[in-house]
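The values are calculated or read from the model by the stated rules, or taken from the named source; none is laboratory data. Computed from a predicted structure; not experimentally measured. So basically every Cβ, Gly included, is an ideal-geometry build from the backbone, and we count neighbours across all protein chains shown. Ligands, DNA and RNA are stripped out before the accessible areas are found, and what is left, the full protein with its side chains, is counted by its heavy atoms. Shrake-Rupley method; radii C 1.70, N 1.55, O 1.52, S 1.80 Å.
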Amino acid sequence: MKVVINQNTKIIAEFESEPVNRAITSLARDIKKACLITEKEGANIYVQKREMASECFELSIQENSIYIYAGDELGAIYGIYEISRKGLGIENFWFWNDQKIVPKEEYVMTEEDGYSSKPFKVKYRGWFVNDETLLLGWSVDRSQEKVWEMVFEALLRCGGNMTIPGTDLNSKRYRKTAARMGLWITHHHAEPLGAEMFLRAYPNLKPSYLEQKDKFHKLWKEGVIAQKNCNVIWNLGFRGQGDYPFWEIDPQFNTMESRGELMSKIIKEQYDIVKGEVPDAVCCTNLYGETMELYREGHLKLPDDVIKIWADNGFGKMVTRRQGNHNPRIPALPDSKDTGRHGIYYHVSFYDLQAANHITMLPSSPEFVARELEEVFAHYGDQYWLINSSSVKPHVYFLDLISKLWKDGTADVEKHRNDYIADYYGLENVKSIAQCFKKYPEYAIAYGEHEDDHAGEQFANHVIRILVSQFMRDDSSRAKELLWATEAETLKEQILWYQKLCKKASEGYKEYRNLCEKVAIELKEEKKSLFEDSLLLQVKIYEHSFTGAFYGCKGMLLAMDKRYQEAFYEIGKAKEEFVKGNEAMRAREHGKWHNFYENECQVDVKQTAWVLGGLMAYIRNLGDGPHFYQWQREFQDTKENQRIMLLLNTTNHLQDEELFALMKEALEK
């Protein structure tokens, strides 16, 4: 038996539900996009209720009809998107990967396409759209709301059911959108209960719980009431009014016992507020940073049914995160004696101003990620998975892999890689592109001894800025901000340590980029464009950033030897590389991606160029000041005129970039 989906297919739902209706609207859009106009009759799609496990559905092909049976909203939504994927060939990340839909008259489904889904391995699973700077200021069809709808649709297509819909103000602005699409809402660990931040409500008051208990309670209760009509996983906790511990505001809590006692008391008060408004509420709390230390030492007491959320270190390893120069790497998973419900907060994107990845993929291997997450299951962490997805687009490969794990509990990494490439690049390109994807973690620079000590693009941007700042501030002292990475005793030794890593990275990423470009040449049209937008762009960001950082180190070392003119030139080359890195991103802003990288402000590759520009001016002042004529004469005047000093200078002083351009022209002939 076979049925056809075409432009005349109708979708008829039994559910009276806005989330289901929104998914139906998306499927109708997909049918319109994928099918040519025809006069032929198409099969109808029926969405009907039936008793079955939560979030499950059955897809049944019957005579000239397609049936989706589901017991609840999310089951129906997943079934609807299954037809889009299986029936029309529209993939989960069609929007983010620019899948080209070539319309045809009809699509055929047969009895073999029937399917009964199983419960997900992870109960609550979703994305924290955090550090979402690339999404800010960018719009789809001139709508910011549409951007977030596309984020939430991709999450639902991946089988997600939960989100923190942005950071700070965004989390409140878009939580209704997420809820209307069928997602559960949860909260940032620094924003308990999703309530208004104390300092926003009371900007002139000290955010001390001891002094302002009633005001905190008022904000928490208002937050609960504002969200009680949504499906919410209520995050309990009290880290403070920023992403820092509360005892920085109330320093009298100077022992583990006193800190744990107050936090336990506050969590119980929040728990009672929530349960008073929503008796069957699901609650969770983050064991993150110093909170995990309190819990491990037995100082933090929690209600029995609260889900305990453990976190990776930002680099995919389930150990405590590095805080500044402190990196204890305490295992961050429950032991066999720790009863109750457990979950994780896991990063495929992280922002630490040190070495993490934010605008590129996680530099660890997918095999490493799969092992870590399978180990989470071995430690009972199947109740809650919140994945830091950042701005989604740079991270779709890992987000897709993790969706397989939260569905099935395991993943064949090689098969997933090949399937992912077949889905978005075509079966004919699997071998060549899989080779490129597989090499991505192999070219990542190891800056430490641990398997997750692989450098993201922040290592090539933030570290060079740290060194430049220290050089200009006091070149006789080492940069204290780098003690986490090297025990070098002097700034010069720090620069030499970093330069060696950057040289290796620059050479490696140049080789890698050449490999990827050879593959790109063989690709056709939209497949080539996607490859250039994703993996090849990320390789270019790394190559330009590490090459620029290498030149920056070379320039500072020359300046330390008072070879200022040579130093100026090397720093100019460094700045040029970071400008190229920013230009590489902006060059991929075609079509709907117009201005996607305009607000790239956290790694901020363009700011690294700006910092190096400041260093150029500083070094020029050391070597050519205070009159600033000698270098200009040397590169602008003829040899004959350089020897005649009747006039100190005969033209306007050149700006640093103009002088560098003259040097480059002369020195690179």
> Got a sec? Which of Gly126, Gly159, Gly166, Gly114 is surrounded by fewer than 18 Cβ atoms within 10 Å (Cβ to Cβ) and farther than 18 Å from Arg29 by Cβ?
Replying inline: Gly114
>> For the stretch 181-213, which positions are within 28 Å of Phe152 (Cα to Cα) and among the aliphatic types (A, V, I, L, M)?
In response: Met181, Leu183, Ile185, Ala190, Leu193, Ala195, Met197
>> Taking the conditions exactly as written (of a type outside the set (D, E, K, R) and surrounded by fewer than 22 Cβ atoms within 10 Å (Cβ to Cβ)), does Tyr380 satisfy them or not?
In response: yes
> For the stretch 552-569, which residues satisfy the criterion of being under 18 Å from Lys504 (Cβ atoms) and surrounded by 24 or more Cβ atoms within 10 Å (Cβ to Cβ)?
Replying inline: Gly552, Cys553
> Restricted to the stretch 321-351, and to residues that are within 22 Å of Val463 (Cβ to Cβ) and touching a helix residue (DSSP H, G or I) at 6+ places or on another chain (Cβ under 7 Å), which residue is surrounded by the fewest Cβ atoms within 10 Å (Cβ to Cβ)?
Replying inline: Val348
>> With the structure loaded, tell me whether Leu399 is within 18 Å of the chain's Cα centre (by Cα) and under 30 Å from Asn599 (Cα atoms) or whether it fails that test.
In response: yes
> In the stretch 108-125, what residues are within 21 Å of Ile90 (Cβ to Cβ) and out of contact with any Cys (no Cβ under 7 Å at 6 or more places or on another chain)?
Replying inline: Val108, Met109, Thr110, Glu112, Asp113, Gly114, Tyr115
> Just one of the numbered conditions (1) of a type in the set (Ser, Thr, Tyr); (2) open to solvent by less than 30 Å² (accessible area, probe 1.4 Å); (3) in contact (Cβ under 8 Å) with a residue 24 or more places away in the chain is not true of Thr486; which one?
Replying inline: (3)
> Does Leu401 fit the bill of being touching a residue at least 12 places away in the same chain (Cβ under 8 Å), of a type in the set (A, V, I, L, M, F, W, C), in a helix (DSSP H, G or I) and farther than 30 Å from Lys528 by Cα?
Replying inline: no
> Do we find that Leu501 is under 27 Å from Gln435 (Cβ atoms), in contact (Cβ under 8 Å) with a residue 12 or more places away in the chain, of a type outside the set (Asp, Glu) and open to solvent by 20 Å² or more (accessible area, probe 1.4 Å) in this structure?
Replying inline: yes
>> I'm trying to understand the selection: among the residues of the stretch 129-175, which are in a loop (DSSP other than H, G, I, E, B), among the charged types (D, E, K, R) and touching a strand residue (DSSP E or B) at 6+ places or on another chain (Cβ under 8 Å)?
In response: Asp131
>> Return the pair list, or none, for Cβ contacts closer than 6 Å from residues in the stretch 68-84 that are open to solvent by less than 10 Å² (accessible area, probe 1.4 Å) to residues that are among the acidic types (Asp, Glu), at least 6 apart or on different chains.
In response: Gly75/Glu55; Ser84/Asp30
>> Please go through the stretch 253-281 and give me each residue that is outside any helix (DSSP H, G or I) and open to solvent by 50 Å² or more (accessible area, probe 1.4 Å), ordered by number.
In response: Asn254, Thr255, Pro279, Asp280
> Only one of (1) part of a helix (DSSP H, G or I); (2) modelled with pLDDT under 95; (3) within 30 Å of Tyr78 (Cα to Cα); (4) not acidic (Asp, Glu) fails for Ala178. Which number is that?
Replying inline: (2)
> If you check every pair at least six apart or on different chains, which have Cβ atoms under 9 Å apart with a residue in the stretch 610-625 that is in a helix (DSSP H, G or I) first and a residue that is among the polar types (S, T, N, Q) second?
Replying inline: Val611/Ser469; Ile619/Gln565; Arg620/Gln565; Gly623/Gln565; Gly623/Gln630; Asp624/Gln565; Asp624/Gln630; Asp624/Gln632
> Could we say that Leu523 is part of a loop (DSSP other than H, G, I, E, B), crowded, with 18+ Cβ neighbours inside 10 Å, over 25 Å from the mean Cα position of the chain (by Cα) and of a type outside the set (Ser, Thr, Tyr) here?
Replying inline: yes
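Yes/no per residue for (1) among the aliphatic types (A, V, I, L, M); (2) out of contact with any strand residue (DSSP E or B) (no Cβ under 6 Å at 6 or more places or on another chain); (3) over 19 Å from Leu662 (Cα atoms); (4) in contact (Cβ under 8 Å) with a residue 24 or more places away in the chain:
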position	(1), (2), (3), (4)
Ile541	yes, yes, yes, yes
Ala559	yes, yes, yes, yes
Tyr564	no, yes, no, yes
Glu570	no, yes, no, no
Glu589	no, yes, yes, no
Tyr597	no, yes, yes, yes
> When both residues are 6+ apart or on different chains and their Cβ atoms are under 7 Å apart, which pairs have a first residue that lies in the stretch 285-299 and is farther than 11 Å from Ala332 by Cβ and β-branched (Val, Ile, Thr), and a second that is open to solvent by less than 10 Å² (accessible area, probe 1.4 Å) and in a helix (DSSP H, G or I)?
Replying inline: Thr285/Ile267
>> Quick check on the stretch 187-219: of everything there that is of a type in the set (S, T, N, Q) and open to solvent by 20 Å² or more (accessible area, probe 1.4 Å), which residue is farthest from the chain's Cα centre (by Cα)?
In response: Gln212
> Do we have Glu222 as open to solvent by 40 Å² or more (accessible area, probe 1.4 Å) and modelled with pLDDT of 95 or more here?
Replying inline: yes
> Of the residues Ala23, Ala34, Ala28, Ala13, which is surrounded by 13 or more Cβ atoms within 10 Å (Cβ to Cβ), of a type in the set (Gly, Ala, Ser), in contact (Cβ under 8 Å) with a residue 12 or more places away in the chain and farther than 20 Å from Phe95 by Cβ?
Replying inline: Ala13
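Within the stretch 282-335, how many residues are assigned to a strand (DSSP E or B) and closer than 27 Å to Asn231 by Cβ?
Going through the stretch 282-335 one residue at a time, the tally reaches 11.
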> Scanning the stretch 89-111 for residues that are surrounded by 20 or more Cβ atoms within 10 Å (Cβ to Cβ) and over 28 Å from the mean Cα position of the chain (by Cα), which turns out farthest from Gln383 (Cα to Cα)?
Replying inline: Tyr107
